[in-house]
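Chemist: Got a structure for you, written out below as structure tokens; questions coming shortly.
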Amino acid sequence: GNRIQRTQRTYYQLSHDAGKIWTDPVQVVDERDEYDEKHWAPGVTYGVQGARSSGQHQFLPNDTLVIGFDIMQPDQPSNFPPGISSYYINTIYAQARLSEDRQELSWRFGDMIEVSYPKSMVGCCEAGLAWLGDEGLFNTMRCQGNEAREIQSIRYTTESADGGMTWSEPSPLEYKDGSTVWTPSSPHRFY
């Protein structure tokens, strides 16, 4: 895998005056005891895998921010065709909650979402999120195809009933008539 992909970490800053002054950057690290600045999220260890925020987020009614991350994997899946070099990505969501003194966020990551070869040539990334009410979320991910291998670029979907901590099995996004929703190589937003 690409060395740069193995060194991605995510930081956040807070502002309490509409963006005039910002706190110092703080690394995102899962709040549970087994995580630290190097092993900062499930399936992510600095120098082995990298992860970056996909920029997609949703606020839940309980003042929890749910935000997606792309995890850059160092190796392709074991069933990947020999002789093909490609990056590989999984998706994970985290919940962030503001501390009582409003000075920091606590982070907790959920289960990783995978769309493996031969469904996708590079896994899934650029997740998009829509709120379904309460703690329900609808997620779609871009899954890159490969024309030579006859793998189409489509979106896969998952649903969560617990604010992004666990997800249903990925399935292709389809129109009402059952036809596939094709996707360009680009992120999207729900409006």
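Chemist: Those residues that are over 10 Å from THR91 (Cβ atoms) and not aromatic (Phe, Trp, Tyr), I need them from region 114-127; list them, please.
Modeler: Going residue by residue through region 114-127, those that are over 10 Å from THR91 (Cβ atoms) are 116-122.
Residues satisfying the conditions are SER116, PRO118, LYS119, SER120, MET121, VAL122.
Chemist: With the requirement that a residue be farther than 16 Å from TYR175 by Cβ, basic (Lys, Arg) and either at pLDDT 90 or above or surrounded by 23 or more Cβ atoms within 10 Å (Cβ to Cβ) (or both), what does region 141-159 give you?
Modeler: ARG142
Chemist: Test of understanding: among LEU137, LEU129, LEU173, LEU105, which residue is without any contact (Cβ under 8 Å) to a residue 40 or more places away in the chain and among the aliphatic types (A, V, I, L, M)?
Modeler: On the way: LEU137 fails: without any contact (Cβ under 8 Å) to a residue 40 or more places away in the chain; LEU129 fails: without any contact (Cβ under 8 Å) to a residue 40 or more places away in the chain; LEU105 fails: without any contact (Cβ under 8 Å) to a residue 40 or more places away in the chain.
One residue alone meets the criteria, LEU173.
Chemist: So which of GLY68, GLY55, GLY47 ends up being without any contact (Cβ under 8 Å) to a residue 60 or more places away in the chain and either in a strand (DSSP E or B) or open to solvent by less than 30 Å² (accessible area, probe 1.4 Å) (or both)? Let's see the steps before the verdict.
Modeler: Working: GLY68 fails: without any contact (Cβ under 8 Å) to a residue 60 or more places away in the chain; GLY55 fails: without any contact (Cβ under 8 Å) to a residue 60 or more places away in the chain.
Criteria check complete, one pass: GLY47.
Chemist: A further question on this structure: Considering each residue of region 160-170, count those that are under 13 Å from the mean Cα position of the chain (by Cα) and open to solvent by less than 60 Å² (accessible area, probe 1.4 Å), and give that number. Walk me through it before giving the result.
Modeler: The first filter runs over region 160-170 and keeps only residues under 13 Å from the mean Cα position of the chain (by Cα), leaving 164-167.
Adding the requirement that they be open to solvent by less than 60 Å² (accessible area, probe 1.4 Å) leaves 164-165, 167.
Adding up the residues that qualify gives 3.
Chemist: I would also like to ask the following. What about VAL122, is it crowded, with 22+ Cβ neighbours inside 10 Å, more than 24 Å from ARG97 (Cβ to Cβ) and β-branched (Val, Ile, Thr)? Step through it out loud before you land on a result.
Modeler: Working: crowded, with 22+ Cβ neighbours inside 10 Å: no; more than 24 Å from ARG97 (Cβ to Cβ): yes; β-branched (Val, Ile, Thr): yes.
Answer is no for this residue.
Chemist: Given the conditions (1) over 22 Å from PRO42 (Cβ atoms); (2) open to solvent by less than 40 Å² (accessible area, probe 1.4 Å); (3) in a loop (DSSP other than H, G, I, E, B); (4) modelled with pLDDT of 90 or more, and given that ALA130 satisfies all but one, which numbered condition is not satisfied?
Modeler: Among (1) over 22 Å from PRO42 (Cβ atoms); (2) open to solvent by less than 40 Å² (accessible area, probe 1.4 Å); (3) in a loop (DSSP other than H, G, I, E, B); (4) modelled with pLDDT of 90 or more, ALA130 violates only (3).
Chemist: If you don't mind, another one. State the number of residues belonging to region 1-44 that are of a type in the set (Phe, Trp, Tyr), closer than 24 Å to PRO74 by Cβ and outside any loop (DSSP other than H, G, I, E, B). Full working, then the answer.
Modeler: Filtering region 1-44 down to residues of a type in the set (Phe, Trp, Tyr) leaves 11-12, 22, 35, 40.
With closer than 24 Å to PRO74 by Cβ added as a condition, the list becomes 11, 35, 40.
Going one step further and asking which of them are outside any loop (DSSP other than H, G, I, E, B), we end up with 11.
So the count comes out to 1.
Chemist: If you don't mind, there's one more thing I want to ask. Please go through region 105-139 and pick out each residue that is of a type in the set (Ser, Thr, Tyr) and under 30 Å from HIS16 (Cα atoms). Full working, then the answer.
Modeler: Our first condition is that a residue be of a type in the set (Ser, Thr, Tyr); within region 105-139, this holds for 106, 116-117, 120.
If the condition is that a residue be of a type in the set (Ser, Thr, Tyr) and under 30 Å from HIS16 (Cα atoms), then SER106 is the only one that fits.
Chemist: Among the residues of region 1-22, write down those that are closer than 27 Å to ASP101 by Cα and open to solvent by 40 Å² or more (accessible area, probe 1.4 Å). Outline the logic, then answer.
Modeler: Of the residues in region 1-22, the ones closer than 27 Å to ASP101 by Cα are 9-22.
Matches in region 1-22: ARG9, TYR11, GLN13, HIS16, ASP17, ALA18, LYS20, ILE21, TRP22.
The values are calculated or read from the model by the stated rules, or taken from the named source; none is laboratory data. Since we're looking at a predicted model, the values are computed, not measured. All Cβ positions, even for glycine, are placed from backbone atoms using ideal geometry, and neighbour counts span all protein chains on display. Areas reflect the complete protein model, heavy atoms only, side chains present, ligands, DNA and RNA absent. Shrake-Rupley method; radii C 1.70, N 1.55, O 1.52, S 1.80 Å.
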